[in-house]
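Read through the structure below, which is laid out as structure tokens, and then see the notes.
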Amino acid sequence: MTTSTNGVFDRKPLIAGNWKMNMDHVQGITLLQKLAWTLADAEHDFDRVEVAVFPPFTDLRGVQTLTMGDNLPVHYGAQDLSAHDSGAYTGEISGQFLSRLGCSYVLVGHSERRAIHGETNELLAAKIAAAYRHGVTPVLCVGEGLDIRQAGTHVEYTLEQLRGSLAGVTAEQAETLVVAYEPVWAIGTGEVAGPKDAQELCAAIRVELAKLFGDEVAGKVRVLYGGSVKANNVAQILAEKDVDGVLVGGASLDAGEFANIVRFEHHLVTE
Ligand SMILES: O=C(CO)COP(=O)(O)O
């Protein structure tokens, strides 16, 4: 269980919504406002279960203005960042800009960036270094494709991504790190990894983090699961010991559904 018998979590759960390339800056504000109202109505305890959204870059200024203006206890981040800080890198976004926009987090190495944009572990290690340089917490995404899963080498494959992308990270930096295990075959397919599959990988990731940074640091890192998470399957997944939260794609675009995912302890299910 994520919680001990007295209801205390080992690590504060993080429920994160990756909007991907959806929601323009007007739609994004409406979605975030709706989410905040729904959670406020339900008296959600943000100190107990943290909420973060990852809108497109063009939404971030509006999200900052809304969260500051209305004092919303929701964190937010970007879906990517440049490995560089400034200069002749047309189309790139610096971690410095994200920091100025109040981003707490940034996704690094989402499988869609790895697959569509050919991002390598070496590049991702440089992006993680850039995130830390600017005080933005990286959410490193790892996970195997269907071919690797079928070959049975998914644990080793995922840990290799983890080691490669974390090259150069210090134990001190790793204390704040977030890792998201997202098996590619479960993303946007409706095919959710079973809770035991999620636990197997999240536990293996924590063991590897302990080898890299020591037990104490590994005990602080939040390891999330992502891939077809919905309100009706989240509670089972988060009941697993080493799963500290979820990274939600499609279901985060519906304020009611996402709010029900955030409120996983209440077993709310939308049909
Ligand atoms: O990629 C994901 C989150 O980053 C998962 O997407 P879905 O929840 O739509 O499967």
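General remarks:
- V246 in contact with a helix residue (DSSP H, G or I) (Cβ under 7 Å, 6 or more places away or on another chain), modelled with pLDDT of 95 or more and of a type outside the set (G, A, S): yes
- From the list M21, M1, M68, the one residue that fits, being of a type in the set (A, V, I, L, M, F, W, C), part of a loop (DSSP other than H, G, I, E, B), farther than 17 Å from G256 by Cα and at pLDDT 95 or above, is M21.
- Residues that are among the basic types (K, R) and closer than 19 Å to D242 by Cα, drawn from region 135-183: R163
- For V63, the conditions (1) within 19 Å of L238 (Cβ to Cβ); (2) more than 16 Å from the ligand (Cβ to nearest atom); (3) modelled with pLDDT of 95 or more all hold with the exception of (1).
- Scope region 174-198; condition more than 16 Å from the ligand (Cβ to nearest atom) and surrounded by fewer than 19 Cβ atoms within 10 Å (Cβ to Cβ); matching residues: E175, T176, K196
- Cβ separations smaller than 9 Å between residues 6+ apart or across chains give the following pairs from region 7-24 residues that are among the aromatic types (F, W, Y) to residues that are within 14 Å of the ligand (Cβ to nearest atom) and part of a loop (DSSP other than H, G, I, E, B): W19/P55; W19/P56; W19/Q79; W19/G249.
- Flag for D254 being within 15 Å of the ligand (Cβ to nearest atom) and either under 27 Å from M21 (Cβ atoms) or at pLDDT 95 or above (or both): yes
- Close pairs (8 angstrom Cβ cut-off, 6 or more residues apart or separate chains): within 18 Å of V184 (Cα to Cα) and part of a loop (DSSP other than H, G, I, E, B) in region 236-252, basic (K, R) and within 14 Å of the ligand (Cβ to nearest atom) anywhere: G249/K20
- Looking at G245, G219, G227, just one residue is under 15 Å from C141 (Cβ atoms) and in contact with a Lys or Arg (Cβ under 9 Å, 6 or more places away or on another chain), and that residue is G245.
- Residue tally, condition of a type in the set (D, E) and within 15 Å of the chain's Cα centre (by Cα), over region 243-271: 1
Residues checked against (1) away from the ligand (no atom under 16 Å from the Cβ); (2) among the polar types (S, T, N, Q); (3) more than 20 Å from G17 (Cβ to Cβ):
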{"residue": "D70", "(1), (2), (3)": "yes, no, no"}
{"residue": "G77", "(1), (2), (3)": "no, no, no"}
{"residue": "D80", "(1), (2), (3)": "no, no, no"}
{"residue": "H84", "(1), (2), (3)": "yes, no, yes"}
{"residue": "A88", "(1), (2), (3)": "yes, no, yes"}
{"residue": "G95", "(1), (2), (3)": "yes, no, yes"}
{"residue": "E112", "(1), (2), (3)": "no, no, no"}
{"residue": "H117", "(1), (2), (3)": "no, no, yes"}
{"residue": "N121", "(1), (2), (3)": "yes, yes, yes"}
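The values are calculated or read from the model by the stated rules, or taken from the named source; none is laboratory data. Please read these numbers as outputs of a predicted model, since none were measured by experiment. Cβ sites come from the backbone with ideal geometry, for glycine too, and all protein chains shown count toward neighbours.
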